[in-house]
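The values are calculated or read from the model by the stated rules, or taken from the named source; none is laboratory data. Note that the structure is a prediction, hence the values are computed from the model and not measured. Every residue, glycine among them, receives a Cβ derived from its backbone with ideal geometry; neighbour counts consider all protein chains shown. What goes into the accessible areas is simple: the full protein's heavy atoms, side chains included, and nothing from ligands, DNA or RNA. Shrake-Rupley method; radii C 1.70, N 1.55, O 1.52, S 1.80 Å.
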Amino acid sequence: MKTLQARLIALAVILCGASAAPPTLAQTAASPAVNNWAELRAALASCWTVPADTEGSQIAFRFGLNKTGGMRGPPLVTSRQLKGDQEARKRFEDAAFEALSRCFPMRITPAFGAILGESPIRLRLVNTPPTAAYQINNNITIFAPR
């Protein structure tokens, strides 16, 4: 039950843009605003910390962003394949939700914001060796660094 409560609080922070946590790289005024899909991928990758002993795990989300870089609702988990013991599986899933919480809202340019407002994001966080991935615009796969 505590995990569910923690996730609901994290989602509320994402949705409301609460500033209780320190700003992320993507949110700070010193960092440039995201202006295209490649920059969005890089910003998302910078928010994800891959937990140890979770090799082979992956999780996929679908969510929308508004034109100002905030989430339009809670992210939907569309698939998950979690490896390892129960604790490792929990760490991987928690790290994925924390990455979203750290990344959004995100500073974006008005021009890219107009595109984001019309495009659902499909994000996969994967802890496997990199392979060819479908990386066209809003289909984003982030592989764990090797």
Discussion item. Report D for segment 43-83 in µm² per second (integer): Stokes-Einstein, Kirkwood Rh on Cα pairs, 37 °C, 0.692 mPa s.
Written reply: 271
Fill in: Pair Glu87, Asn66: separation of 7 Å Cα→Cβ label points (nm)
4.1
Worksheet entry | Accessible area of Trp48 in the full protein assembly, 1.4 Å probe (Å², nearest 10) | 20
Practice prompt. Provide the per-residue ³J(HN,Hα) series for segment 81-97, in order, calculated from phi with Karplus coefficients 6.51, -1.76, 1.60 and θ = phi - 60°, each as a whole number of Hz, with x at glycine and proline positions.
Written response: 9, 9, 10, x, 6, 4, 5, 5, 4, 5, 4, 5, 5, 4, 4, 5, 5
Worksheet item: Taking the radius of gyration and the Kirkwood hydrodynamic radius from Cα positions alone, what is the Rg/Rh ratio for segment 31-146, to two decimal places?
Response: 0.97
Worksheet item: Heavy-atom accessible area per residue, segment 100-146, 1.4 Å probe: how many Å²?
Response: 49
Fill in: Placed amide H near Thr78: partners under 5 Å, 5+ positions off or other chain
Ala60, Phe61, Arg62
Worksheet item: For the pair Leu76 and Ala111, what calculated FRET efficiency results from E = 1/(1 + (r/R0)^6), where r is the Cβ-Cβ distance and R0 = 25 Å, to the nearest 0.05?
Response: 0.40
